[in-house]
Amino acid sequence: MVKHRFWDSRKSILLSIIVTWTALVLAVAMIPALIPLLRSIRFPGANGTDRFVLLTAYPLFICLGCGIATLIILLGLLSDIRKGEIFTLNNVRRLRLISYFGFAIMVACIIGAFIAIPFPLFIFLAMVAGFLALLMRVVKNVIDSARLLKEDADFTI
């Protein structure tokens, strides 16, 4: 009797692609909405003034740009995984770029913490971005090691 699994890696990759596209569309949609959203924020010290909006918008736009670039790179990575091309030099490069963008987001958030009012928010975002960038470095190193082992095995007779 053949057991049919409800969830498999093909469906998982498809879900990842759908979620990535959704995040990409939402991130691009945030570009024109960011300034009006910042103007509507109301809490002590940040009453939607032009100074608050200006100081907060710069690091957030940098984060948004890096996030969009990361999502585009992730779509390429997921596309290769879907084709069965996992342990490739191209995917190692993609993971390295994703980690660099994560570190760029971390730096933008640290700068944002010093120049903008919502200090705890930027510190939290910096910590999350830094952790995820470090995690991507570890995954990149694992994929690169597996790639080298695969190449070795491919050349073994």
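The values are calculated or read from the model by the stated rules, or taken from the named source; none is laboratory data. If you're wondering where the values come from, they're calculated on a predicted model, not measured in any experiment. Cβ placement follows ideal geometry from the backbone for every residue including glycine, while neighbour counts extend to all protein chains displayed. The area values use the complete protein model at the heavy-atom level, side chains included, leaving out ligands, DNA and RNA. Shrake-Rupley method; radii C 1.70, N 1.55, O 1.52, S 1.80 Å.
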Requested in this report: Name, by its number, the condition in (1) within 26 Å of R10 (Cα to Cα); (2) of a type in the set (A, V, I, L, M, F, W, C); (3) touching a helix residue (DSSP H, G or I) at 6+ places or on another chain (Cβ under 6 Å) that does not hold for L89.
Outcome: (3)
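Residues V92, V53: which one is at pLDDT 95 or above and either in a helix (DSSP H, G or I) or under 17 Å from the mean Cα position of the chain (by Cα) (or both)?
Sole residue among the options that is at pLDDT 95 or above and either in a helix (DSSP H, G or I) or under 17 Å from the mean Cα position of the chain (by Cα) (or both): V92.
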**Report entry** Hits in the stretch 138-157 (condition: open to solvent by 60 Å² or more (accessible area, probe 1.4 Å) and assigned to a helix (DSSP H, G or I))
**Finding:** V138, N141, V142, S145, L148, L149, K150, E151, D152, A153, D154, F155
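Quick check, is L78 out of contact with any strand residue (DSSP E or B) (no Cβ under 9 Å at 6 or more places or on another chain), part of a helix (DSSP H, G or I), open to solvent by less than 80 Å² (accessible area, probe 1.4 Å) and within 29 Å of L14 (Cα to Cα)?
Taking the combined requirement at face value, the residue satisfies it.
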**Report entry** Of the criteria (1) open to solvent by less than 80 Å² (accessible area, probe 1.4 Å); (2) modelled with pLDDT of 95 or more; (3) under 27 Å from S9 (Cα atoms), which one C66 fails
**Finding:** (3)
Report task. Kindly indicate whether I72 is modelled with pLDDT of 95 or more, more than 23 Å from S9 (Cα to Cα) and within 14 Å of the chain's Cα centre (by Cα). Result -> no
Report summary line: All-but-one check, G84 against (1) among the small types (G, A, S); (2) under 11 Å from the mean Cα position of the chain (by Cα); (3) open to solvent by 20 Å² or more (accessible area, probe 1.4 Å), failing number (2)
Report summary line: Over the stretch 97-126, the set of residues open to solvent by 50 Å² or more (accessible area, probe 1.4 Å) and outside any helix (DSSP H, G or I) is I117
